[in-house]
Amino acid sequence: MAKVERIRQVLSSPFGADDLKTQTEQGWRIVAIEWEREIPEIATETIPASAEEPPFGLRVSEETNHLEVNPTEREALFTMMELTVQEGPYSRIAEELNRRGFRTRQGRRWGPVSVFQMLPRLIEVGPRIFSTDEWQERRRKLKAAGQ
């Protein structure tokens, strides 16, 4: 197989038909075109830096633009974990989250499916939850209530 050579040409003026013809005659073929334009400053404020949301239980800090704990979502995660450890069905977990006033990020009531969709996040944060003093206290209360 023949070797392929690629170059990136930075343009200081518009690229015209003559330029295309010259490059083609030299054996080059177009494989990509890159475009850019200036955006008014007002418009740049409305363009999100990333379309990806932070994981449930975290939020972007307004001051530092770093992730920080979202206390409400963190409490919802603790509640889900607590009820999951008690081997409650997803419907019961959803009912309890709704009874305690928790809502999904979209502002909706929790349902069995939305609780099920949180399982990967619970698996991810589980080790951190289990190592907290708050979890140890909840565990003691769960054991006392079960006896």
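Before moving on, here are some points about what is shown:
- Flag for GLY146 being at pLDDT 80 or above and out of contact with any Pro (no Cβ under 6 Å at 6 or more places or on another chain): no
- The stretch 125-135: number of residues that are in a helix (DSSP H, G or I) and surrounded by 11 or more Cβ atoms within 10 Å (Cβ to Cβ): 7
- Members of the stretch 84-128 that are modelled with pLDDT of 90 or more, of a type in the set (A, V, I, L, M, F, W, C) and under 16 Å from the mean Cα position of the chain (by Cα): MET118, LEU119
- In the set (1) farther than 21 Å from PRO71 by Cβ; (2) part of a loop (DSSP other than H, G, I, E, B), the condition left unmet by ALA145 is number (2).
The values are calculated or read from the model by the stated rules, or taken from the named source; none is laboratory data. Keep in mind it's a predicted model, so treat the numbers as computed, not measured. For neighbour counting, all protein chains shown are included, and Cβ atoms are generated from backbone atoms with ideal geometry for every residue, glycine included.
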